[in-house]
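Nothing in this text is a laboratory measurement; each read-out follows from the coordinates by a stated rule. Quantities reported herein were computed from a predicted structural model and do not represent experimental measurements. Neighbour counts run over all protein chains shown; Cβ positions are idealised from the backbone, glycine included.
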Amino acid sequence: MAIQLSLPQILINRNVSLEERIQGTQAARVIGEFVGTSALFPIVDAIRVIATEGWLEYLKEPAHYILFGAAFAQAWFLGTAKSERWQLRFIGNLLGFGLYVPIDMVIEGSHFFSQPYHWLFGSFSLLLAILSALQVITKELAFWQIITTLLLNICKISLFPAIYLITELQLELSAQLTLQIWQDYLTAGGHRFIFYGALFFGILLGLTEAQRLHYAGFLRDLAGQLKQYSEWSLGADLIANSLDNPDTLDLRRVERTILFMDIRGFTAWTEQTSPQQAVQMLNQYYNAAEAVINRHQGHKPNFTADEIMTRFTNPQLALNAAIDLQKTLNPLLVSFNLAVGVGLHTGEVIEGLLGSDTTRKYDIIGDVVNTAKRLESAAGRGEIVISAATYHALPHLSTPVTPRALQVKGKAQALQVFVINSEVQSGF
């Protein structure tokens, strides 16, 4: 049976991260630099040679291949740059010219300097380098950003009449490019049409580009903020997966190991301390706990006062995280005479988006969740209480455990559990 894909599905690369979708992929940036700036002179020069000498003469000349190779190297440098600094933009826009000159000088020798196209290439590259650097410098200054973008686009468009001037007048030496030559050139109506047309379209493209940059920057900032807000509750991986497959958020039955943890004696402690100190301690507690959970591939944790709940796809990862949480949080909490208790239970839950039409949360429900909470409530200071289901699902357990029968609310019969105490966790 044939599989049909829609156009958006074909265009979307599922291997691209969410960050790259917001900022643009490396390949897209390189192509944009090549087409928009780096290859401008090689393309216009190719048009000149093909129009005056023909395709065959153009293809026979090695310098033209070198020119495009240097342009691609420049585009690669600018497109793969890790930061948007004005120094990189300045150096990058001179890179193509810098690579082309020494190679072509070996081929052409001293005749290289008699070609006005080479002088034009150098001047064009320097002007682009300066304006590109200024565009970065004025990024936060709306008015000057428009001015530099206008000048940059006028510079690019002006390359066409400049090449035409040299071709039309058949100039051979750079010294012939004088002000008088330019004035004589503009006396012809056709030449004025080309010059003013290039100026007009340069301004038009500059205004369009300035508007595009403004809205693109706004959308990137907005997307970045929404990404951050979404990741606070869903996590980066879940968001990235849901963009490619919205069904990821649908309710479904899955097996998970649920971890509950809270601070023993927290309520009594808060009655004796200031709200500022309580909040400061909780923030440190949250940050330390989330780092451990992420290290062991846990889901984005839920914070409710001093209680933390998360889930794992693998019981061994959940136990490793529980032991690591005890080891990590003990030094933080011992100074306040506090400690945590942890409960683990494994089973089938319902996972996905839950809520009303206007308020939803990615969460889990089921008896497994309730039981995990009961186990955590029964855990003493520094203890990890593991259900029998979790214990038997573990591939190996080198930490000593203590069997215990536990009577919990909502269960007619006592539960068999296994307890790990923080004093023996060093044997894990």
Q. Can you run phi through the Karplus equation (6.51, -1.76, 1.60; θ = phi - 60°) for the range 361-376 and list ³J(HN,Hα) in whole Hz, with x for Gly and Pro?
A. 9, 7, 8, 10, 9, x, 5, 4, 5, 4, 5, 4, 5, 5, 5, 4
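Can you give me the relative contact order of the range 250-427 as a percent, contacts being Cα pairs under 8 Å and 6 or more apart? Don't jump to the answer; show the numbers that get you there.
On the way: 339 pairs, mean separation 43.9, N = 178.
Relative contact order, the range 250-427: 25 percent.
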Q: Using only the Cα atoms of the range 251-402, build the gyration tensor, take square roots of its eigenvalues as a ≥ b ≥ c, and label the shape rounded, prolate or oblate: rounded if a/c is under 1.5, else prolate if a/b is larger than b/c, else oblate.
A: oblate
**Q.** Within straight-line cross-link reach of Lys82, lysines at Cα separation under 23 Å, skipping those fewer than 8 residues along the same chain
**A.** Lys139, Lys227
Q) Amide H to amide H, which residues 5 or more places from Asn314 or on other chains are under 5 Å from it, using H placed in the peptide plane? A) Thr257
Q. Residue by residue through the range 272-283, which ³J(HN,Hα) values in whole Hz follow from phi under the Karplus form 6.51 cos²θ - 1.76 cosθ + 1.60 (θ = phi - 60°), with glycine and proline marked x?
A. 10, 10, 7, x, 5, 5, 5, 5, 4, 5, 4, 4
Q) What order do you get for 155-165, 332-342, 80-90 when each peptide is scored by the mean count of other beta carbon atoms within 10 Å, highest first? A) 155-165, 332-342, 80-90
**Q.** Under-5 Å amide H pairs with Leu415, H placed in peptide plane, nonlocal only
**A.** Leu406, Gln407, Val408
Q. Considering amide H positions built from the backbone, and no H for Pro or chain starts, which residues 5 or more places from Ala339, or on another chain, come under 5 Å of its amide H?
A. Arg264
Q) Of the peptides 309-319, 133-143, 264-274, how do they stack up when ordered by the mean number of other Cβ atoms within 10 Å, highest first? A) 309-319, 133-143, 264-274
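If packing is taken as the average number of other Cβ atoms within 10 Å across a peptide's residues, how do 379-385, 108-114 rank, most packed first?
Details: 379-385: 22.0, 108-114: 11.3.
The most tightly packed comes first, giving 379-385, 108-114.
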**Q.** Karplus 3J(HN,Hα) series, Hz, for the range 27-33 with 6.51 cos²θ - 1.76 cosθ + 1.60 (x for Gly, Pro)
**A.** 4, 5, 5, 5, 4, x, 5
